[in-house]
Amino acid sequence: MQVKKETVYKNIYNSALNEFWKNGYEKTTMRSIADNSGITLGNIYRYFPNKASLFEAIIGDTYTNFINIFDTYHDKLSKMTHEQKLAFYIELLSNFFISNKKKLAILFAGSNGTKFEDFEHKIIENFKNISIKRAEILRDDEGLIIEDQEIHFFIAESLFFSLKKIAFIFDEEDKIRKYLKKIIPGSYTDLLRKLGTKNTD
């Protein structure tokens, strides 16, 4: 029985990551991964039974970790001021983007046809819930009223597509941090203040 080798696994993994990043899941084939890795197709199937399992091996952890990125730090965040939370969000997202740029780009635009294709829906839903919670704080602190609750969806969608642009456009760490610092605070507090009305009672 032939022993599986870590170097072969990593070669397949890295080749597949680049193929999925360039072409998305649907247009990538096991043959193209084999051609670009220099490993025979038959040998790739010894490590991964199909394209879906290979995609999951590459994307699965990034998907789960990003979906749960804020819940993971719920207790820590609950003890912070709003300004401290913003700084924490920016640093957390910046580090995550820098470490997982290609994988996030795949999730943002190349996961159609997989069990991860609900990524956009789940992230927008998470961002919408954050917007709702922020609006409740602004209501209590400043008397701000958001009459049209659909606005939370539009804010969340706007933030999602801004993050998607960052994942595709910027490679430099300083630019990723710079634009996240600009986008995140304005996505909630500033927009809610502009779109809401003050309670004069």
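The values are calculated or read from the model by the stated rules, or taken from the named source; none is laboratory data. Since this is a predicted model, take the numbers as computed values, not measurements. Don't worry about glycine lacking a Cβ; one is built from the backbone with ideal geometry, like all the others, and counts go over all protein chains shown. We work out accessible area using only protein heavy atoms, side chains counted, and drop any ligands, DNA or RNA first. Shrake-Rupley method; radii C 1.70, N 1.55, O 1.52, S 1.80 Å.
Within region 1-54, the proportion of Cα pairs with more than 16 Å between them is 31 percent. Dipole magnitude for region 60-201: about 460 debye, using +1 per Lys or Arg Cβ and -1 per Asp or Glu Cβ, origin at the Cα centre.
Under 5 Å from the amide H of Leu144 lie the amide H atoms of Arg139, Asn199, each residue being 5 or more positions distant or on a separate chain, with H modelled from the backbone and absent for Pro and chain starts. The trypsin sites (Lys or Arg not before Pro) of region 104-201 that meet both conditions, a loop assignment by DSSP and at most 16 other Cβ atoms within 10 Å of the site Cβ, are Lys115.
Per residue, the average separation of C-alpha pairs within less than 8 Å and at least 6 apart gives the chain a relative contact order of 23 percent. Relative to the current alpha-carbon distance between Arg31 and Lys76, full extension at 0.36 nm per residue lengthens the span by 11.6 nm. Pair-distance distribution P(r) for region 1-152, from all Cα-Cα distances in 10 Å bins starting at 0: 10, 31, 26, 17, 10, 5, 1, 0 percent.
Of all lysines in the structure, those lying under 20 Å Cα to Cα from Lys103, and not within fewer than 8 positions of it along the same chain, are Lys10, Lys22, Lys27, Lys51, Lys115, Lys122, Lys164, Lys165, Lys175. Multiplying the residue separation of Lys122 and Asp61 by 0.36 nm and subtracting their alpha-carbon distance yields 20.4 nm. Here region 103-151 is treated as an ellipsoid with the same Cα gyration tensor; its semi-axes, largest first and in whole Å, are 32, 10, 7. Report, in deg cm²/dmol and to the nearest 500, the calculated mean residue ellipticity at 222 nm for the chain, where each DSSP H run with n ≥ 4 adds -39500 (n - 2.57) and the sum is divided by the residue count. Estimated from H runs of four or more residues: -23500 deg cm²/dmol.
Remark: the chain carries 57 Å² of accessible area per residue (probe radius 1.4 Å; ligands, DNA and RNA excluded). Here the chain exposes an accessible surface that is 49 percent carbon and sulfur, computed with a 1.4 Å probe and the other protein chains kept in place.
Global size of region 114-201: 14.8, 51 Å for Rg and Dmax (C-alpha atoms, Rg to one decimal, Dmax whole).
With the simple model of a label 7 Å out from the Cα in the direction of the Cβ, Asn18 to Phe154 spans 4.4 nm.
Amide H contacts under 5 Å for Thr28: none, restricted to partners 5 or more places along the chain or on a different chain, H placed in the peptide plane at 1.01 Å from N. For the pair Lys133 and Lys198, a Förster radius of 22 Å applied to the C-beta separation gives a FRET efficiency near 0.70, rounded to the nearest 0.05.
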